[in-house]
Amino acid sequence: MDAKRAEGPRTIALVGPYLSGKTTLLENILFVTGAIHRKGTALQGNMTGDSSAEAKAHHMGVELNVASCEYLGDTYTFLDCPGSNEFSQEAANALIGADAAVVVCEAEVGKALALAPILRMLDEFDVPRYIFVNKIDRATGRVRDVLLALQQVSEKPLVLRQVPMRDGEDVTGYVDLASKRAYVYREEAESEIIELPDTMKERESQARYEMLEKLADFDDHLMEELLDDVDPPNDEVFDDLATDLREGHIVPVLLGSAEHEHGVRRLLKALRHETPPSSAAAENADVNGADAAAQVLKTYHTEHGGKLSLARVWAGSVKDGDALNGQRISGIFRMAGHGTEKMSSASAGDVVAFGRLDDVHTGDTLSSGKDAPDLRKPHVPQPVYSMALTASDRADEVKLSSAIGKLLEEDPSLLFEHDDDTNQWLLRGQGEMHLRIAAERLESKFALKVDLVKPQVPYKEAITKSVEQHARFKRQSGGHGQFGDIHVEIKPLPRGSGFEFTDSVVGGSVPKQYIPAVEAGVKEYLVKGPLGFPIVDVSVNLSDGQHHAVDSSEMAFKSAGRLAMHDGMPKCSPILLEPILHVDISVPSESTAKVNATISSRRGQILGFDAREGWSGWDVVSAQLPQSEVHDLIIELRSLSSGVGTYSWKYDHLQQLSGRLADQVIEAAAAD
């Protein structure tokens, strides 16, 4: 194989679990390449990545950060993605524009499971990737055990590229299995080549052979060499590594400690020689020969620069002032954290921010032609956590809509919608921290302070008995009076039937023009029944009544309809109904028993479980759960599954709630 070194700008996504060290790795990459001259730290809150006020306050990534550098004449743009699953949409948005990814993880067996959703996302977008085992200086166990744990969550074979050298319990360097060279780490400096220690020769030989065996699965010539006990030349091994990475056959695994610059330069060399060129991703994007084409990876609303659309240019070149999708660009910028550097143009492969494209959104394809190619957009996950949102100051309600609109542009995984049943505005997202950050961002970016409270459950009520009810509305106050007299039959309907209104009036006792008014009065009452909740599954039949030639009116019969329901409904033995959701909970199989216990503790009914399709070692548990028990379900699921559990849901049916729980709900409603 001959894997020629790629040229041109390349974009690398940095992904990995929370606290794995992605942003520290980015900071050290920028430092060793000379892009920055002083390294920041997470504790001081002065790193290029995680530069937003919310990231600094919580010491965690909460949005996509971008930075570029040059290394040995090549340009690289790094997309630093948040590690928390609650912000996984940021990574999904970034991956549609990445040539390759570096998956950063810790050298701990117990934390390998957290990589499962990340590796699945990379599989979905078909992104070549490395695994960078970070914090190797703190490793207490064997690297082979870490590799085995990582392999259990990776569908693609992992190829260990390095083995650590130790001095007692301390990792002091590594042996590169492709070049067969030994390196000793130097603090904040390039590792030093040393002669391979005698104590490492047997381990190096065994590990190199295991690496070559995996590569031989995709190269018949290499397989023949191994069968003939021929040690292939290093150039051939490097070509195999590069080709197999680009074609998605393998996942190379490198070791290091980003904090101390250990392994950072070796990682950069691998990216330089082995990652595919930007033209490969452009071919996959299929830009249909457009003169200029780009795709938006992220939207930012900045305090002074207005709206910025971070985009990967797939084809052609774009100059400041050019029109994309019929809108003229107002500024082209290279981003570094929250800082920007103005540019006159951008070419294929570049990642830049376009200014003031007001009608463009994250995931959109931009083109200079009339017909923009429709590139694949990342999937937006269903919200799994909700809070009711109100402006702290009622005077701010006018600007709430505009601020929320900008917030949703920045983060498509947020949803803001009105619940007609509870009359609350709900902010929905991927977890408690996700919504907390959203609220903080509303205040810091848009000067809008909001309150988040637990949303109300849309309880309903129904009846179990039929009643015949007479009602008369009569009022005399000088001049024409008000008179409406009706007899109605109130009956329960099967669950899910809704509301039904009929009339069986004969002889004109209630004139036809007043019958709709009776129905309107009945509907008006149904909004809040005797228990304090909307009434469902009820039939009302208008059977008889009286009218007055002068005093009867639509208003009188509407009032009579409302009065008949007010007097009759308490006699119908009303019951409280709670909404039941169907949920499909996805967790590693080792957590399934805990999930079953959680469902039972939340008054749920387990319907069954099955293997999760395409996810080895995962289960999907199907169940029915009261909506009141689902509010914080995602928090418990992540707690019992190393942070990776999730669920999907849909409304299923209404079910009677009785006993003490029903009494508490009714008492709370009466107190409001």
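The values are calculated or read from the model by the stated rules, or taken from the named source; none is laboratory data. These numbers were taken from a predicted model, which means no experiment stands behind them. Here the Cβ positions follow ideal geometry from the backbone for every residue, glycine too, while neighbour counts run over all protein chains shown.
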query: Name the residues in region 203-246 that are under 15 Å from V175 (Cα atoms) and over 43 Å from the mean Cα position of the chain (by Cα), would you?
result: S205
message: Quick check on this structure: which one of K39, K22 is under 28 Å from K269 (Cβ atoms), of a type outside the set (F, W, Y) and out of contact with any strand residue (DSSP E or B) (no Cβ under 9 Å at 6 or more places or on another chain)?
response: K39
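Can you tell me which of T299, T243 is crowded, with 21+ Cβ neighbours inside 10 Å and either polar (S, T, N, Q) or free of Cβ contacts under 8 Å to residues at least 24 places away in the same chain (or both)? Even if it seems obvious, please write down each step before you answer.
Numbers: T243 fails: crowded, with 21+ Cβ neighbours inside 10 Å.
Going through T299, T243 in turn, just one is crowded, with 21+ Cβ neighbours inside 10 Å and either polar (S, T, N, Q) or free of Cβ contacts under 8 Å to residues at least 24 places away in the same chain (or both): T299.
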message: Can you tell me which of (1) of a type in the set (V, I, T); (2) out of contact with any strand residue (DSSP E or B) (no Cβ under 7 Å at 6 or more places or on another chain); (3) closer than 23 Å to I463 by Cβ is the one V506 doesn't meet?
response: (3)
query: Within region 450-463, how many residues turn out to be assigned to a strand (DSSP E or B) and either out of contact with any helix residue (DSSP H, G or I) (no Cβ under 8 Å at 6 or more places or on another chain) or surrounded by fewer than 14 Cβ atoms within 10 Å (Cβ to Cβ) (or both)?
result: 5
query: When region 181-230 is examined, which residues are found to be buried (at least 16 other Cβ atoms within 10 Å of the Cβ) and in contact with a Gly (Cβ under 8 Å, 6 or more places away or on another chain)?
result: A182, Y183, Y185, S191
Filter result for the condition that a residue is within 30 Å of A353 (Cα to Cα), acidic (D, E), outside the structural domain of A353 (by TED's automatic domain parsing) and not in a strand (DSSP E or B), over E409, E397: E409
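Where in region 566-672 are there strands (runs of 3 or more DSSP E), lying fully within it, with 1 or more residues that are hydroxyl-bearing (S, T, Y)? Working first, answer last.
Numbers: elements: 574-588, 605-611, 618-626, 646-657.
In region 566-672, 574-588, 618-626, 646-657 are the strands (runs of 3 or more DSSP E) which contain 1 or more residues that are hydroxyl-bearing (S, T, Y).
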query: Among (1) at pLDDT below 95; (2) touching a helix residue (DSSP H, G or I) at 6+ places or on another chain (Cβ under 8 Å); (3) surrounded by fewer than 16 Cβ atoms within 10 Å (Cβ to Cβ), where does S552 come up short?
result: (3)
- prompt: Quick one: is R376 basic (K, R), at pLDDT below 95 and not assigned by TED's automatic domain parsing to the domain that holds W314?
  reply: yes
task: Having 3 or more residues that are closer than 18 Å to K214 by Cβ is the bar; report the strands (runs of 3 or more DSSP E) wholly within region 116-203 that clear it.
output: 129-134, 158-160
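Quick grid of which residues meet (1) in the same structural domain as Q664 (by TED's automatic domain parsing); (2) under 22 Å from the mean Cα position of the chain (by Cα); (3) not in a loop (DSSP other than H, G, I, E, B):
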| position | (1), (2), (3) |
| --- | --- |
| T422 | no, no, no |
| R428 | no, yes, yes |
| A439 | no, yes, yes |
| L442 | no, yes, yes |
| K445 | no, yes, yes |
| L448 | no, no, no |
| K465 | no, no, no |
| Q469 | no, no, yes |
